[in-house]
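Quick one: the structure is below, questions incoming.
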Amino acid sequence: MMEKFAQVHSALKLASRWLVWLGGGSLMIAAIIVTVDVLCRKFIGVTMSGSDEISGYVFAASTTLAYSYCLLHRSNVRIDALYNLLPRPATATLDVIGLSLLLYYMWIMTNAAVAAFLESWTEGSVSITTLQTPQWIPQFFWMAGIVLFFCTLVFVTLYSLIALVQRNWDLVAKIAGIPSIADVIEEETHVEDVMEEAAAGREV
């Protein structure tokens with residue numbers, strides 16, 4: 001069973017990486033649009049109405065799409081002054097408790113996001129701007145990132161809880177613990193290897 005969990009965990013990490021690239025690419029496009037708008041307004045007196053609004057939507061959506069990546073790669077900021085001094089069973093237990101509390105918070109957040117989307121959808125709400133953007137469109141992508149993060153969080157919490165029950169402290173640390181210096185080096189090395197492989201593939 002744990003092999004299945006490991007496979008799903010790896011698949012989620014891969015999917016989250018693609019979503020981060022998607023969000024980053026969208027932010028880049030939004031930045032280009034805003035830059036062109038500013039230059040046009042400065043030098044030829046023409047403005048692209050709505051570029052700031054679009055960039056705001058893109059920023060909100062790309063942020064939520066990155067939540068799962070941060071969770072799976074343990075990139076969220078945590079204070080570890082006392083954490084590193086505790087024995088492995090204690091840190092593993094705290095990791096699972098932390099995930100459980102986050103899961104409770106995200107349950108509330110997810111319900112609120114879905115409710116906001118459904119309200120905009122049913123009432124046909126539009127933005128009070130020149131674009132008059134139907135609010136359900138940007139809210140859908142924003143909500144999708146939150147829902148995906150909640151589902152990922154459910155899986156990670158269950159995975160780490162099973163590892164905790166089995167007293168597999170190393171696995172709990174790998175899933176939900178604070179990354180060590182060695183983990184950070186390994187992650188950075190892996191990213192460099194992937195980039196080198198991609199570059200080699202383009203040359204071929």
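Which of the following residues is β-branched (Val, Ile, Thr), exposed (fewer than 13 other Cβ atoms within 10 Å of the Cβ), in a loop (DSSP other than H, G, I, E, B) and at pLDDT below 95: Ile128, Ile178?
One residue alone meets the criteria, Ile128.
Among the residues of the stretch 57-69, is any surrounded by fewer than 12 Cβ atoms within 10 Å (Cβ to Cβ) and not in a helix (DSSP H, G or I)? So that I can check it myself, show each step before the final result.
Filtering the stretch 57-69 for residues surrounded by fewer than 12 Cβ atoms within 10 Å (Cβ to Cβ) gives none.
For the stretch 57-69, residues surrounded by fewer than 12 Cβ atoms within 10 Å (Cβ to Cβ) and not in a helix (DSSP H, G or I): absent.
Collect the residues in the stretch 158-175 that are surrounded by fewer than 19 Cβ atoms within 10 Å (Cβ to Cβ) and assigned to a helix (DSSP H, G or I), keeping them in residue-number order. Spell out how you get there, then give the answer.
The first filter runs over the stretch 158-175 and keeps only residues surrounded by fewer than 19 Cβ atoms within 10 Å (Cβ to Cβ), leaving 158, 161-162, 165-168, 170, 174.
Answer for the stretch 158-175, where residues must be surrounded by fewer than 19 Cβ atoms within 10 Å (Cβ to Cβ) and assigned to a helix (DSSP H, G or I): Leu158, Leu161, Ile162, Val165, Asp170, Lys174.
Determine whether Gly25 is outside any loop (DSSP other than H, G, I, E, B) and either under 16 Å from Pro138 (Cα atoms) or touching a residue at least 24 places away in the same chain (Cβ under 8 Å) (or both). It would help to see each step written out before you state the result.
On the way: outside any loop (DSSP other than H, G, I, E, B): yes; either under 16 Å from Pro138 (Cα atoms) or touching a residue at least 24 places away in the same chain (Cβ under 8 Å) (or both): no.
No; evaluated as a whole, the condition is false for this residue.
Something else now. Identify, by number, the condition in (1) within 25 Å of Val154 (Cα to Cα); (2) buried (at least 18 other Cβ atoms within 10 Å of the Cβ) that Tyr83 doesn't meet.
Here Tyr83 clears every test but (2).
Moving to a separate point now. Whether any residue in the stretch 108-124 is on the phi > 0 side of the Ramachandran plot, modelled with pLDDT under 90, of a type in the set (Gly, Ala, Ser) and surrounded by 15 or more Cβ atoms within 10 Å (Cβ to Cβ) is what I want to check.
No, the conditions are met nowhere in the stretch 108-124.
Which of (1) in contact (Cβ under 8 Å) with a residue 12 or more places away in the chain; (2) assigned to a loop (DSSP other than H, G, I, E, B); (3) under 19 Å from Val147 (Cα atoms) is the odd one out, the single condition Asn76 does not satisfy?
Unmet for Asn76, out of (1) in contact (Cβ under 8 Å) with a residue 12 or more places away in the chain; (2) assigned to a loop (DSSP other than H, G, I, E, B); (3) under 19 Å from Val147 (Cα atoms): (1).
The values are calculated or read from the model by the stated rules, or taken from the named source; none is laboratory data. Keep in mind it's a predicted model, so treat the numbers as computed, not measured. All Cβ positions, glycine included, derive from the backbone under ideal geometry; neighbour counts span all protein chains shown.
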